[in-house]
Amino acid sequence: MAKKLRVAMIGYAFMGRAHANALARLPMFFDVGAEVERAVLCGQREEPLKAAAARLGFAQIETDWRRAVARRDIDVVHICTPAFLHYDMAMACAQAGKHMLLEKPMCFTLAQARAMAEAAGDAGVVAQLGFNYRYVPAVLLARQMLQEGALGRIYHFRGVYAQDWGNDGGQGMSWRYRKQCAGSGALGDIGSHVSDLARYLVGEVDSVAAQQRTFVAARQGERVDVDDACGYLAQFACGAMGSVEATRFAPGEKNALRFEINGEKGSLRFDLQRFNELGYYNAEDPQALAGWRTIQVNDACHPYGGCWWPVGHALGYEHTFVHEMAHFYKAIAQGGEAMPDFTEGARTTALLEAVARAAATRAWTDVERV
């Protein structure tokens with residue numbers, strides 16, 4: 001009989017719904033070696049929590065997350081809360097010996113990230129960070145091609161994550177604009193995604209030069225103390241040059257995550273809004289055939305190909321969470337490494353922290369090694 005893994009999920013808004021949807025889809029398409037049961041949903045207010053649990057398929061509710069984490073019948077915790085809660089929740093999970101899937105950004109500081117990684121390691125639990133864009137099939141194919149040397153020596157990485165919901169004339173105020181809740185603005189929120197992909201695809205960053213801007217200083221009478229946009233130049237350890245931008249003030253851009261990588265043998269480019277496509281330019285093609293080609297990344301030979309629908313039937317955003325959880329639960333049930341684990345998360349935190357220091361000092365800043 002397959003092992004049963006009982007899950008407590010903390011938070012049921014945007015990320016909670018994404019996680020719950022993936023948990024429901026998981027057994028339909030992946031055999032992870034265990035039965036994953038949605039056992040307990042955690043939130044602050046009982047009545048909306050009851051409604052959310054019924055909608056998302058959780059058997060029980062709990063208004064005190066610490067009680068849920070301490071329960072002996074809980075094996076796994078999904079942490080889908082604002083960032084200011086991440087450190088305490090992750091440390092509690094490690095102390096209780098619970099496997100955990102933690103949404104990004106990991107935490108507020110590199111010191112916290114180091115402590116979280118150490119605690120998870122000492123506890124022997126699988127601790128994975130929710131950088132779900134690593135699980136886009138086109139991104140996985142790009143990494144495979146890079147590791148196989150398809151581009152040769154890498155010269156450039158350009159990444160941008162642009163949204164427009166901040167450009168509302170200062171009408172909306174939420175926890176995302178408060179440093180005590182979010183830790184940072186665009187940098188930690190969407191900037192963490194593109195920064196993680198830069199590391200995942202090209203390698204570690206040695207140093208950065210950066211700027212951050214807050215375009216709307218106050219919202220509904222409350223001061224905004226996080227960045228609306230950030231950008232940085234990066235010097236990669238492999239010698240490549242990089243530029244990364246994250247903004248909430250790009251009218252017309254709803255969820256535009258893009259990157260382009262240039263190397264001696266060719267180039268790759270990806271746009272999340274063209275989810276199933278990877279652009280590839282082979283510099284070694286004969287001149288008469290030179291040009292960008294578009295690879296439809298949904299064939300059986302591609303990452304996660306054959307796990308879903310017949311060739312040519314597109315995947316989307318929600319599938320990244322199913323892939324992420326398939327890897328996570330296989331690591332728990334069958335043995336293996338989280339991707340990314342908390343040590344990897346700490347490395348991305350070190351990069352983000354260096355970017356914030358560089359922006360404050362207006363000087364090139366080294367990224368601390370983890």
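The values are calculated or read from the model by the stated rules, or taken from the named source; none is laboratory data. Only a predicted model underlies this, so the values are computations on that prediction, with no experimental measurement involved. Positions of Cβ are generated from backbone atoms using ideal geometry, with glycine treated the same way; all protein chains shown enter the neighbour counts. Each accessible area value is taken on the protein alone, full model and side chains, heavy atoms only, with ligands, DNA and RNA left out. Shrake-Rupley method; radii C 1.70, N 1.55, O 1.52, S 1.80 Å.
May I ask you to order 217-224, 70-77 by the average number of other C-beta atoms within 10 Å around their residues, highest value first?
Going from most to least packed, we get 70-77, 217-224.
For the chain, what are the DSSP H helices with axial Cα length of 18 Å or more and mean Kyte-Doolittle hydropathy of at least -0.5?
14-29, 110-123, 317-334, 342-361
With a Förster radius of 30 Å, plug the Cβ-Cβ distance of Asp285 and Arg153 into 1/(1 + (r/R0)^6) and report the FRET value to the nearest 0.05.
The computed FRET efficiency comes out at 0.95.
For the pair Ala360 and Phe215, how long in nm is the line joining their label points, each one 7 Å along Cα→Cβ?
So the two model labels end up 2.5 nm from each other.
What number of lysine-lysine pairs in the chain show an alpha-carbon separation below 19 angstrom, given a sequence spacing of 8 or more or placement on distinct chains?
Lysine pairs satisfying the spacing and distance rule in the chain number 6.
Using protein chains only and a probe of 1.4 angstrom, how many square angstrom of Cys230 are accessible, to the nearest 10?
That residue has around 10 Å² of solvent-accessible surface.
Work out, step by step, the length gained on full extension between Ala54 and His313: first 0.36 nm times the residue separation, then minus their alpha carbon distance; give nm to one decimal.
Gain on stretching Ala54 to His313: 90.1 nm.
Using a Gaussian network model of the chain whose springs link C-alpha atoms within less than 10 Å, name the residue from Glu253, Glu118, Glu148 with the highest mean-square fluctuation.
In the Gaussian network model the winner is Glu148.
Counting only helical runs of four or more DSSP H residues, what would the 222 nm mean residue ellipticity of the chain come to if each run contributes -39,500 (n - 2.57) and the total is spread over all its residues?
One gets -10500 deg cm²/dmol as the mean residue ellipticity at 222 nm.
For the stretch 259-297, which GluC sites (Glu not before Pro) pass both filters: DSSP loop (anything but H, G, I, E, B) and at most 15 other C-beta atoms within 10 Å?
Sites meeting the loop and neighbour criteria: Glu264, Glu284.
What is the spin-label model distance, in nm, from Leu233 to Thr109 if the labels are put 7 Å beyond Cα along the C-beta direction?
Spacing of the two 7 Å Cα→Cβ label points: 3.0 nm.
Calculate what fraction, in whole %, of the accessible area of the chain sits on carbon and sulfur atoms when a 1.4 Å probe is rolled over the protein chains.
48 percent
Leaving out ligands, DNA and RNA but keeping every protein chain, what accessible area does Tyr161 have, in Å² rounded to the nearest 10, with a 1.4 Å probe?
Its heavy atoms expose roughly 10 Å² to the probe.
Determine how large the accessible area of Lys98 is when every protein chain is in place; take a 1.4 Å probe and give Å² rounded to the nearest 10.
Approximately 10 Å² for this residue.
Take the chain, connect every pair of alpha-carbon atoms lying under 10 Å apart with a spring to form a Gaussian network, then pick out the residue of Ala68, Ala288, Ala256 with the largest mean-square fluctuation.
Ala288
Quote to one decimal, in nm, the extra length available between Trp175 and Gln296 on full extension: 0.36 nm per residue of separation minus the C-alpha distance between them.
39.7 nm
Report D for the stretch 37-158 in µm² per second (integer): Stokes-Einstein, Kirkwood Rh on Cα pairs, 4 °C, 1.567 mPa s.
It comes out at roughly 78 µm²/s.
Are there chymotrypsin sites (Phe, Trp or Tyr not before Pro) in the stretch 215-289 that DSSP puts in a loop and that have at most 15 other Cβ atoms within 10 Å, and which ones?
When the chymotrypsin sites (Phe, Trp or Tyr not before Pro) of the stretch 215-289 are filtered for loop state and at most 15 Cβ neighbours within 10 Å, Phe215 remain.
Given the C-alpha centroids of the stretch 200-242 and the stretch 329-363, what is the distance between them in whole angstrom?
15 Å
Can you tell me the FRET efficiency between Arg67 and Asp225 if r is taken as the Cβ-Cβ distance and R0 is 35 Å, rounded to the nearest 0.05?
With R0 = 35 Å, the Cβ-Cβ based efficiency is 0.60.
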